[in-house]
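Encoded as structure tokens, the structure appears first; notes follow it.
The values are calculated or read from the model by the stated rules, or taken from the named source; none is laboratory data. What you see is a predicted model; the values in this text were computed from it and never measured. Neighbour counts run over all protein chains shown; Cβ positions are idealised from the backbone, glycine included. Areas reflect the complete protein model, heavy atoms only, side chains present, ligands, DNA and RNA absent. Shrake-Rupley method; radii C 1.70, N 1.55, O 1.52, S 1.80 Å.
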Amino acid sequence: MEMSSEQQSFSSQMKTESVERRTANYKPNIWNYCFLQSLTNTYDEEKYRTQAETLKREVSFILDEEKDPVAKLELIDCISKLALSHYFEKDIYETLNTMVNVNNSGSTMEDNLYRTALYFRILRQYGYAISQDVFLCFTDDVGQFMTSKHLDAKPILQLLEASYLGMESECLLDTAKVFATENLSANHEFFSLPCPLHLSVGWFNVKKHIHVLEKENNKTNKSMLLQLGRLNFNMVQAQQQKDLKDILRWWKDLDLSENLIFTRDRIVESFLWAVGVASEPQHESLRKWLTKVIMFILIIDDVYDIYGSREELEYFTRAVNRWNPTEIQQLPEAIRRCFCALHDTTNDMDLQIQQVKGWDSVLPYLKKAWADFCNALHVEAKWYHTGYTPRLWEYLDNGWISSSGPLLSIVVLFGVGQDLTETIQFLEKNQEIIYYSSLIIRLCNDQGTSTAELERGDAPSSILCYMREANVTEEEAREHIRNIITNIWKKINGLCMNGSSNLLQTLVKYIINIARVANFIYQNGDGFSVQDGETRDQVLSCLIKPFPPM
């Protein structure tokens with residue numbers, strides 16, 4: 001195919017001019033892929049599946065037989081913390097429906113702060129629109145929570161956890177959060193504020209919760225649950241290790257890491273993100289698709305942020321929009337390889353989705369999602385090349401798309417959806433939840449990466465935009481962004497309190513999980529670029545080290 005005169009001119013220019021390439025000085029990959037391929041795990045054997053089924057029946061019986069409402073709630077809470085909820089959905093919803101009906105008929109949980117906060121948090125977690133007014137009996141005439149120096153940390157911590165499920169305009173829960181934080185900090189010397197359960201990645205914390213519950217297990221009804229939690233973790237880890245080995249073979253065969261030296265080799269961390277979104281064994285295909293997409297997001301982000309010249313990015317963006325490999329023939333080899341690998345991998349993914357799901361092609365949706373993502377990155381690249389700093393609203397209007405949230409959400413929906421028509425309808429009707437989850441990704445990313453980006457002179461982040469717009473310090477800008485993140489979570493909570501008691505079974509959970517993983521990855525810096533901190537620890541815990549035999 002002949003090149004146009006414009007393409008010939010640009011190609012000639014590229015041959016005669018040397019483009020100055022930037023570098024991010026990323027640290028090299030820390031994982032030994034041969035070691036990861038050599039991992040062995042026997043927990044995929046039939047005897048463990050049989051043992052797990054026996055334990056599930058026993059836990060279901062215990063939950064059904066337990067008569068004390070608080071003990072029932074604590075069991076449901078433990079089931080959730082051990083990432084076992086999908087095994088007991090019917091039992092859990094029957095229990096919660098009964099509790100709601102009993103309380104609506106005149107009985108109440110509102111005589112004890114611990115159980116009221118636990119009741120409130122569990123019901124909201126499962127999508128029940130319980131009112132914040134259940135806490136009014138614990139406040140004085142001016143709406144302040146009544147304090148006591150001798151109040152145990154347990155009810156206060158439960159109140160703090162409950163406060164994170166607040167919606168917009170729920171001032172009582174804002175007051176509860178301030179009260180609980182101040183009380184715990186002042187009266188409990190060794191208290192350190194953890195990441196709230198509601199904002200955490202459930203699967204990443206399973207081991208921690210099991211260790212905590214084992215230390216305080218003086219109640220016989222937790223013993224079977226803990227056995228099931230340990231066994232299930234090892235069985236799920238066995239499946240995820242298989243998935244990881246498959247994805248490592250794909251990455252090696254793709255042969256990009258040796259050729260695209262400007263970008264990050266973070267295939268293991270990308271897989272960890274996918275695990276955090278959908279840890280359940282049945283989502284193995286989704287984890288692989290999501291990992292591939294995340295890797296290309298990282299590579300393409302580096303093409304726009306670091307490697308590509310202004311002219312090259314124009315051609316690359318056009319090629320993605322037209323989904324046409326002939327559009328990139330005049331570009332440098334590294335960018336050509338990037339586009340061809342993206343093009344082929346996405347087309348292959350579409351075929352796999354058709355085979356696994358029995359659906360018609362979803363390629364038009366995948367192509368549009370990639371085009372939207374690259375168009376948003378192109379906007380940011382033009383801001384960088386022209387020295388333009390947008391106002392914060394303008395940055396976020398583009399940034400929720402450049403966060404990759406919409407792209408990740410589409411892949412997740414195709415992975416967990418059962419029916420194509422219903423999945424597309426959900427996608428069209430729930431853009432708001434995707435929008436807010438994407439903003440969380442964007443703002444958490446900025447909080448973790450902005451310092452390094454400022455040092456490199458990258459395109460403006462939300463923090464720099466607000467610093468210049470409001471003429472404030474970096475720390476003041478960070479605090480402003482943290483407040484925005486808090487308010488967005490309230491909006492997400494409001495969208496989840498839709499009166500449906502079946503929230504756990506909907507697609508919403510997996511969309512929100514994307515934001516939760518972003519919160520983890522960027523909570524203490526850039527967990528992608530700098531692997532050897534909490535991200536490394538989580539890889540070891542989740543993917544490599546099983547629980548030892550009891």
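At-a-glance table
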quantity: Contour minus Cα-Cα distance for residue 131 and residue 523 (0.36 nm per residue); calculated: 138.1 nm
quantity: Of all accessible heavy-atom area on the chain, the percent that carbon and sulfur account for (1.4 Å); calculated: 49 percent
quantity: R0 of 25 Å, Cβ-Cβ distance residue 537-residue 40: FRET efficiency to nearest 0.05; calculated: 0.70
quantity: Value of [θ]222 nm, deg cm²/dmol, for the chain, DSSP H segments ≥ 4, -39500 (n - 2.57) each, nearest 500; calculated: -21000 deg cm²/dmol
quantity: Mean Cα-pair separation over length for the range 334-407, i.e. relative contact order, pairs under 8 Å, 6 or more apart, %; calculated: 27 percent
quantity: Relative contact order (%) - the range 274-335, alpha-carbon pairs under 8 angstrom, separation at least six; calculated: 22 percent
quantity: Unit charges at the beta carbon, dipole of the chain: most positive-side option, 196, 541, 486; calculated: 541
quantity: Exposed chymotrypsin sites (Phe, Trp or Tyr not before Pro) absent - longest run of the chain, DSSP non-H/G/I/E/B, at most 13 other C-beta within 10 Å; calculated: 191-387
quantity: Surface per residue (accessible, 1.4 Å probe) for the chain, Å²; calculated: 45 Å²
quantity: Over the chain, relative contact order from alpha-carbon pairs under 8 Å, at least 6 apart, %; calculated: 19 percent
quantity: In Å², nearest 10: area of residue 367 left accessible to a 1.4 Å probe; calculated: 70 Å²
